[in-house]
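A.B. asks: Here's a structure for you.
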Amino acid sequence: MLAITLAVFLTHRGVIGDRVAPRDAMAMAAWLAQHPADWHTATDLTEAALDSPAARRFELWRAAYGLARSTAPRSQNPMIGFVRGGLFHWYELNAADRAAVLAAAAPLMRDPPIFVELLRPLWELTHDMGWLRRTAPDTINAFTELRTIAAANGLFGEYREIRAAIRRQRLETFRTSASSLAAHDLPQLLPSPIEQEYEPLVRAILAELKRRSFEPERFGETMTSVIEYALRHQLPLEGLTPFIEAQQGLPAHTRARLALALGNRDAATNIEMTSAASSPDWQAYHLERAELEARRGDVAAANRHLSLVMVVRTDAEVLDRALRVSTILHDDATAAQLRRQLRALSNAPREWLGTCGHNELCGSAHMLTWTNGKPVTITATAVQSDQIAPYLEIYADDARVAEAEIADERRFTIALPAGVHRMEVRLVNPKITNGAQRRVRLS
């Protein structure tokens, strides 16, 4: 083969004298007149033509693109060059040229990396959310980027539609890909935090794990969120027994809570005894263990676990659990006292956690509240004036129960069943138009 190559070279020595294609736009045009099949140079000229001083540079741009496309119809490079050139000179283009650029960009946008590259420039130039949604690839990342743009620019109807599309896409990805994904990759299909509208996907993942064998050590924080969501909402956990004995993959306090939920009290005790069970992370475990021991009739154990939390805090969650323990133990006097404390707490001014000022929301904030069946009211007041209103989502126990834009002030009235509830408020557009931090006062 080498001998044949050498013979061809020796009989065609003129090849070493072939000129290299020029880089100047006008010289490239002249070159293409002599080498019309050189689609590489035609592509380069497509991207460079509008930057040239040529009097007919727009015609040169269109002609170079037409030549490149006709000689390399399967290559994306000519389209990329045409779109880049057009975007850099967008305000110089007429309506027909702009339409041609968008037509060339549309098939490129189906490629996820190109979509990420072109999304922001195309939005800034066109502000056409409908076109971007039609051309976006069916990926969670693409929809997430679109959702962010919609929220930041006050397109709240589109924001809600894209949010629903993300949920459908996550479910569809599980349906089509679950069998090919490793078990430890399945929880990655869920968002963080997990919302109640994703409960069908949580249940599907738990059912899939029940059917499989897996290595608990390979799971990470997302699986911790899945298990804690399942514990809060009493979902089936039978397939998660391997996590109890695993030394890695889940925090010890989550493993202990899982053991309790699966009826393995001894395993929960072993994990508790070999861990720093006095840390704040263990409070949920102690509250659950107190109720379990009360149901078993072990008053001393119930009080011991309850006191480990009550010496640290006596908020609505702790008082409500203590009330349940007292009711189970038929301690009517203590139960009556706890009800009075809960009523007083529900009437006290609310303190939101996670704020960036006194009850001022900058991202997300949460609180625990107790109700005896009366609706909970939350008042939101926009602190700054801005051409785009803040948009809030309100969650109760992981379920979205209200949402709206706050033009000035808005009161939300939320009906909840009697008991303790974890409320969360999220600001979906945390920046005002000039990029400064947005603030909403909660009360």
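A.B. asks: Would you mind checking the tilt of helix 199-211 against the longest principal axis of the Cα atoms of the chain, expressed as 0 to 90 degrees and rounded to 10?
C.D. replies: Roughly 90 degrees, rounded to the nearest 10.
A.B. asks: With a ≥ b ≥ c taken as the square roots of the eigenvalues of the C-alpha gyration tensor of segment 159-291, please select rounded if a/c is under 1.5 and otherwise prolate if a/b is larger than b/c or oblate if it is not? Please report the intermediate quantities before stating the final value.
C.D. replies: Details: a/c = 2.33, a/b = 1.69, b/c = 1.38.
Verdict is prolate for segment 159-291.
A.B. asks: Going by how many other beta carbons lie within 10 Å of each one, how would you line up F88, F174, F115, F82, fewest first?
C.D. replies: Ranked by crowding around the Cβ, least crowded first: F88, F174, F115, F82.
A.B. asks: Now a separate question. Apply the Karplus curve 6.51 cos²θ - 1.76 cosθ + 1.60, θ = phi - 60°, to the phi angles in segment 258-264 and return the couplings in whole Hz, x for Gly and Pro.
C.D. replies: Here the 3J(HN,Hα) series is 5, 4, 4, 5, 8, x, 9 Hz.
A.B. asks: Let me ask something else about it. If each residue's Cβ is checked for other Cβ atoms within 10 Å, how do C362, C356 rank with the fewest at the top?
C.D. replies: Values: C362 17, C356 12.
Lowest count first: C356, C362.
A.B. asks: May I pose another question? Could you tally the net charge around T379, taking each other residue with its Cβ under 11 Å from the Cβ of T379, Lys/Arg +1 and Asp/Glu -1?
C.D. replies: It works out to a net charge of +3.
A.B. asks: Let me know the Rg and Dmax you get for the chain when you use only its Cα atoms, in Å.
C.D. replies: Gyration radius and largest Cα-Cα distance of the chain: 31.2, 109 Å.
A.B. asks: Expressed as an acute angle from 0 to 90° and rounded to the nearest 10, what is the orientation of the C-alpha long axis of helix 140-152 relative to the principal long axis of the chain?
C.D. replies: The helix 140-152 is inclined about 80 degrees to the chain.
A.B. asks: In whole Hz, with x marking every Gly and Pro, tabulate ³J(HN,Hα) for segment 193-198 from phi via Karplus 6.51 cos²θ - 1.76 cosθ + 1.60, θ = phi - 60°.
C.D. replies: x, 7, 9, 5, 5, 9
A.B. asks: Take the chain, connect every pair of alpha-carbon atoms lying under 10 Å apart with a spring to form a Gaussian network, then pick out the residue of R218, R257, R163 with the largest mean-square fluctuation.
C.D. replies: Comparing R218, R257, R163 in the GNM, the peak value goes to R218.
A.B. asks: Another question about this same structure. Quick one: compute the contact order of segment 19-165, relative version, from alpha carbon pairs under 8 angstrom and 6+ residues apart, as a percent.
C.D. replies: For segment 19-165, the relative contact order is 14 percent.
A.B. asks: What order do you get for W61, W123 when you list them from fewest to most C-beta neighbours inside 10 Å?
C.D. replies: Final ranking by Cβ density, sparse to dense: W123, W61.
A.B. asks: Where nothing but the Cβ of Lys and Arg (+1) and of Asp and Glu (-1) is charged, how large is the charge dipole of the chain around its Cα centre, in debye to the nearest 20? Working shown, then result.
C.D. replies: Numbers: 51 positive and 52 negative charges, 88 e Å.
Charge dipole, the chain, about its Cα centre: 420 debye, nearest 20.
A.B. asks: So what is the 222 nm mean residue ellipticity for the chain from helices alone, if each DSSP H run of at least 4 adds -39500 (n - 2.57) and you divide by all residues, rounding to the nearest 500 deg cm²/dmol?
C.D. replies: Working: 19 runs with 231 residues, N = 443.
Calculated at 222 nm, the ellipticity per residue is -16000 deg cm²/dmol.
A.B. asks: Counting alpha carbon pairs within less than 8 Å and at least 6 residues apart, what relative contact order, in whole percent, applies to segment 217-336?
C.D. replies: In percent, rounded to a whole number, it is 17.
A.B. asks: Can you find, among A105, Y91, A42, the residue sitting farthest towards the positive end of the charge dipole of segment 19-165, where Lys and Arg contribute +1 and Asp and Glu -1 at Cβ?
C.D. replies: Going by the charge dipole, the pick is A105.
A.B. asks: Find how many whole Å separate the alpha carbon centroid of segment 136-169 from the alpha carbon centroid of segment 199-215.
C.D. replies: Segment 199-215 and segment 136-169 have Cα centres spaced 27 Å from each other.
A.B. asks: Sequence-distant or interchain residues sharing an amide H contact under 5 Å with T379, placed H: which?
C.D. replies: F412, S443
A.B. asks: Turning to a different aspect of this structure: On a 0 to 90° scale, report how tilted helix 57-71 is relative to the longest principal axis of the chain, with both axes built from alpha carbons and the result rounded to the nearest 10.
C.D. replies: 80
A.B. asks: I need the phi-derived Karplus couplings for segment 83-97: 6.51 cos²θ - 1.76 cosθ + 1.60, θ = phi - 60°, integer Hz, Gly and Pro marked x.
C.D. replies: Taking θ as phi minus 60°, the curve returns 5, 4, x, x, 5, 5, 10, 3, 6, 8, 7, 7, 4, 5, 5 Hz for segment 83-97.
A.B. asks: Also, quick follow-up: Do you know the relative contact order of the chain, to the nearest whole percent, from alpha carbon pairs under 8 angstrom that are 6+ apart? Mind showing how you got there, number by number?
C.D. replies: On the way: 587 pairs, mean separation 36.5, N = 443.
Relative contact order, the chain: 8 percent.
A.B. asks: So between A333 and R23, what do we pick up on full extension, going 0.36 nm a residue minus the alpha carbon distance?
C.D. replies: Here the segment from A333 to R23 would lengthen by 102.5 nm.
A.B. asks: Moving to a separate point now. Can you run the Rg to Rh ratio on segment 306-403? Use alpha carbon positions and the Kirkwood inverse-distance Rh. Working shown, then result.
C.D. replies: Details: Rg = 16.8 Å, Rh = 15.8 Å.
Radius of gyration relative to Kirkwood radius: 1.06.
A.B. asks: Where Lys and Arg each count +1 and Asp and Glu each count -1, what net charge lies around Y229 among other residues with Cβ under 10 Å from its Cβ?
C.D. replies: Once positives and negatives cancel, what remains is -3.
A.B. asks: For V401, which sequence-distant residues (separation of 5 or more, or a different chain) have an amide H within less than 5 Å of its own amide H, given hydrogens modelled in the peptide plane?
C.D. replies: Long-range HN contacts for V401: I394, Y395, A396.
We did not get these values from a lab; they are worked out from the coordinates using the rules stated. Computed from a prediction, not measured in an experiment: that's the story for all the values here. Counting neighbours? That spans all protein chains shown, and the Cβs are built from the backbone with ideal geometry, glycine included.
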